[in-house]
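Peer 1: Take a look at the following structure, please.
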Amino acid sequence: MKGVRKYAKREILYVAWTHMKQRCNGTSDNIEDIKNYHERGISYDPLWDEFSNFWNDMGASWRKGLTLDRIDNNGNYSKNNCRWVNRKVQAINRRNTKLFSFNGKNLTLTDWSPIIGIPRSTLAQRIYCYKWSIEKTLSTSL
């Protein structure tokens, strides 16, 4: 498309690195970032104070459409605790995401819905309104 600038990989990673530092240092404009990162003591590898070190550790594994994610969301940003993931994985890897265990799988209701063939809203109603067990919720047809 004419007039739309494509960003280079280095620029995209620089923005991710800058946002990571702002969240951890408490300099983000977003109060939720400050509460969820800085106030919880989430920090980053001191070597990542320099963008070149972040680039060396994380640059090769980045692909278009991926965002920086901490594997253990209670841990710090570091080469061993970070990865690039899509937005769906990013959304699931949150402290407030509720996973439901059934038949050896841990999934969200959104993920269970197409597997079971029941709308997510129905599953939620069964669990939160009717107080059904996860076993009854997922094994009872419509």
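Peer 1: Working only within segment 67-104, note down all residues that are over 16 Å from Asp45 (Cβ atoms) and touching a Gly at 6+ places or on another chain (Cβ under 7 Å).
Peer 2: Within segment 67-104, just Asn86 meets the criteria.
Peer 1: Let me ask something additional. Any idea which of Leu138, Leu142, Leu99 is surrounded by fewer than 16 Cβ atoms within 10 Å (Cβ to Cβ) and farther than 25 Å from Leu68 by Cα?
Peer 2: Result of the check over Leu138, Leu142, Leu99: Leu142.
Peer 1: Which ones in segment 103-142 are out of contact with any Lys or Arg (no Cβ under 8 Å at 6 or more places or on another chain), basic (Lys, Arg) and over 21 Å from Val89 (Cβ atoms)?
Peer 2: Lys131
Peer 1: Would segment 108-123 turn up any residue that is on the phi < 0 side of the Ramachandran plot, among the aromatic types (Phe, Trp, Tyr) and not in a strand (DSSP E or B)?
Peer 2: Yes, some residue in segment 108-123 is on the phi < 0 side of the Ramachandran plot, among the aromatic types (Phe, Trp, Tyr) and not in a strand (DSSP E or B).
Peer 1: Within segment 19-38, how many residues turn out to be open to solvent by 40 Å² or more (accessible area, probe 1.4 Å), within 22 Å of Val85 (Cβ to Cβ) and of a type in the set (S, T, N, Q)?
Peer 2: Selection size over segment 19-38: 3.
Peer 1: Please count how many residues of segment 102-128 are open to solvent by 90 Å² or more (accessible area, probe 1.4 Å) and not aliphatic (A, V, I, L, M).
Peer 2: Going through segment 102-128, the residues open to solvent by 90 Å² or more (accessible area, probe 1.4 Å) turn out to be 103, 105-106, 114-115, 120, 128.
Still in the list and also not aliphatic (A, V, I, L, M): 103, 105-106, 114, 120, 128.
Looking only at that region, the number is 6.
The values are calculated or read from the model by the stated rules, or taken from the named source; none is laboratory data. All of these numbers come straight from a predicted model, not from anything done at the bench. We place every Cβ from the backbone using ideal geometry, glycine too, and count neighbours over all the protein chains shown. In case anyone asks, the SASA skips ligands and DNA or RNA and just uses the protein heavy atoms, side chains included. Shrake-Rupley method; radii C 1.70, N 1.55, O 1.52, S 1.80 Å.
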